[in-house]
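Engineer: My questions all concern the structure below.
No lab work stands behind these numbers, since they all come straight from the coordinates. Small disclaimer: the values here were computed from a predicted structure and weren't measured. Every residue, glycine among them, receives a Cβ derived from its backbone with ideal geometry; neighbour counts consider all protein chains shown.
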Amino acid sequence: MFAGWELVDHTADVMVRAFGLSREEVFEQAALATCSLIYDATAVRAAERYAVELSAPDVELLLAAWLNELLFLIEARRLVFARFEVEHVDAARGPAAWPTAPEVRLRATAVGEAFDGRRHAVRSVVKAATLHGLGLREAPGGWEGRVLLDV
């Protein structure tokens, strides 16, 4: 399997299908697909590196949280990204108050720069990654993720 992504129209939303040899590649590809709806990543310089660390109760919820965190950085911090480097997606123990609660963590770097209206044309607005149809599964030759984006 190769890394990649596709967008599938879904009523008033857009379904992202992301593929990769690892879960980390799926997270990277889902981020690229989401950003492709908002702006042209080829116009973005890889000028700055932004660390992103998240956790969620399971890996599927982590995928939605990852995309929502990137949407926050794009909207609130006015950043745009050229690429993503997901170091790891792994299980860890929950907070000390809940020692048996599982938790999945992500550590990544988003590479890009501050939004510049002269170089970064906005294509559309993505409001959020939703939980409807959310999935991440091992597939023949790698992994596949699905996330429905509210546009």
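Engineer: [x] 22, 18, 16; [y] 29, 17, 14; [z] 25, 18, 15: which one is semi-axes √(5λ) of the Cα gyration tensor in Å as calculated from this entry?
Structural biologist: It is the value labelled [z].
Engineer: In terms of modelled amide H atoms, which long-range or inter-chain residues lie less than 5 Å from the amide H of residue 128?
Structural biologist: 150
Engineer: Roughly how tilted is helix 23-38, in degrees to the nearest 10 and between 0 and 90, from the longest Cα axis of the chain?
Structural biologist: 30 degrees
Engineer: Local charge sum around residue 46 (other residues, Cβ-Cβ under 11 Å, Lys/Arg +1, Asp/Glu -1)? The partial results should precede the final answer.
Structural biologist: Values: positive: 45, 49, 83; negative: 48, 85, 113.
Local charge sum for residue 46: 0.
Engineer: Please give the helix 59-75 orientation as an angle from the longest Cα principal axis of the chain, in degrees from 0 to 90, rounded to the nearest 10.
Structural biologist: Tilt of helix 59-75: around 30 degrees.
Engineer: Give, rounded to the nearest 20 debye, the magnitude of the charge dipole that the chain has about its Cα centre when Lys and Arg contribute +1 at Cβ and Asp and Glu contribute -1 at Cβ.
Structural biologist: Values: 16 positive and 22 negative charges, 75 e Å.
That gives a dipole near 360 debye.
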